[in-house]
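What follows is a set of notes on a single structure, which appears directly below.
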């Protein structure tokens with residue numbers, strides 16, 4: 001039997017459950033018992049209920065990625081090693097890789113759920129020296145100017 005290509009609520013629920021646990025759609029769709037990614041995208045375009053489940057799974061996935069980032073940051077097991085002289089040394093490669101893993105998860109979580117994990121952006125308008133903004137209303141008075149009669153003869 002080949003890859004499933006028929007839409008079913010059970011298969012959609014399984015895809016969304018795996019996403020909510022942190023798996024990428026790409027990884028999920030690599031499995032032989034899962035539909036191709038293009039099939040999933042077609043289903044998303046055709047089925048509102050799947051779009052709703054997918055959106056909730058994406059939010060949950062962002063939370064799972066944030067949790068993973070905390071676990072990686074808290075795991076210091078391989079941050080040091082014992083060198084050939086028996087001294088403890090810092091493993092900078094492991095620390096750099098852990099930093100990259102945390103930063104990637106933070107970045108992706110912010111894209112999946114920007115309200116919760118994105119940077120807060122605000123803008124403020126102020127006047128000179130940080131003071132209040134002054135508003136001013138200017139009145140323009142229009143005056144009618146008579147046109148000379150001979151102006152039209154030219």
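No value in this document is a laboratory result; all are computed from the given coordinates. Predicted model only: the values in this text are computed from it and were never measured. Ideal geometry is used to build each Cβ from the backbone, glycine not excepted, and the neighbour counts take in all protein chains shown.
General observations
- Inter-label distance for residue 7 and residue 111, nm, one decimal - labels placed 7 Å from Cα along Cα-to-Cβ: 2.6 nm
- Cβ-derived FRET efficiency at R0 30 Å, residue 47 paired with residue 121, nearest 0.05: 0.35
- One quarter of the convex hull surface built on the alpha carbon atoms of the range 55-97 amounts to 3.4 nm², the projected area averaged over directions.
- The chain, relative contact order in percent, only Cα pairs under 8 angstrom and at least six apart counted: 17 percent
- Compactness of the range 110-154 - radius of gyration and Dmax, Cα, Å: 26.9, 73
- Altogether, the Stokes-Einstein calculation at 25 °C and 0.890 mPa s, with the Kirkwood radius of the range 75-154 over Cα pairs as Rh, returns a diffusion coefficient of 118 µm²/s.
- Once the convex hull of all Cα atoms in the range 93-133 is built, its volume per residue stands at 101 Å³.
- Shape category assigned to the chain from the gyration tensor of Cα positions, a/c cut at 1.5: oblate
- Order of 129, 79, 6 under a 10 Å beta carbon neighbour criterion, fewest first: 129, 6, 79
- Of 87, 63, the sequence from fewest to most neighbouring Cβ atoms within 10 angstrom is 87, 63.
- Distance between modelled label sites at residue 141 and residue 104, nm, 7 Å Cα→Cβ extension: 7.2 nm
- Residue-span extension gain [residue 87 to residue 68] - 0.36 nm each, minus C-alpha spacing: 3.7 nm
- Cα gyration tensor shape for the range 26-68, rounded if a/c is under 1.5, else prolate or oblate: oblate
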